[in-house]
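Report on the structure given below.
Quick note: the coordinates plus some simple rules give every number you see, no bench work behind them. Just so you know, these numbers come straight off a predicted model, no measurement behind them. Quick reminder, even Gly has a Cβ in these numbers, built from the backbone with ideal geometry, and neighbours come from all protein chains shown.
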Amino acid sequence: MAEGYDRVADRYLAWTIDGPTRLAYLDRVMELLPEGSHVLELGCGAGEPVARRLSERHRVTGVDLSPEQIARARVNAPDAEFLIGDMTQLVLEPRSLDAVIAFYSIIHVPRTMHTELLAKIASWLRPDGLFVATMGAVASPGTIQEDWLGVPMYFSHFDAPANRAMVQRAGFVLESTEVVEDEEDGRSVPFQWIVARRGFEPEMMEPIR
């Protein structure tokens, strides 16, 4: 994935910078967060437009696997901090963040790791902390799309009902969830958008039966 995003860095930025769904949810994040919040963006890409706009009002840390994407992000959003790394290996202090956002990034993580990743995200957030993420809308155990913007790319996710249940089991209270169709290389692809708040501790959840 890192190599793929390195190779398509410029094309990916041109394709995503004015994506209407991304911009709409960025606006929502901006509306929901009080000024000066500490925000983590997982899969920050080139920092445009998300990290740049958020860093105008907030303390922002961006994480991405791709060195090429991070190099661009440091230019595009100079007021933010950026790290090259794997979100699943990230170690942060518990309750140290006001928000975690993950636009079109968790879908690249093997879905067998989603439960653990969501639990980690919940642990990083302060009580009532904000979580906004794009997830898959249809089940895919793990596939490689051979020509995604010109490179092979890996995707893995559950369907929308499973995602909702998994997010709630991690200790989040859902504020909204919707499936939106995005256009990718001339075809329509559904994604689930989730807005949630950290609520109770995960161990207080009743198991799903």
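Quick one: which of 86-96, 19-29 comes out on top by average Cβ neighbours within 10 Å, and what's the full order, highest first? Working shown, then result.
Details: 86-96: 12.9, 19-29: 15.7.
Averaged packing, sorted descending, gives the order 19-29, 86-96.
What whole-number volume per residue, in cubic angstrom, does the convex hull of the C-alpha atoms of the chain give?
Enclosed volume per residue, from the Cα hull, is 108 Å³.
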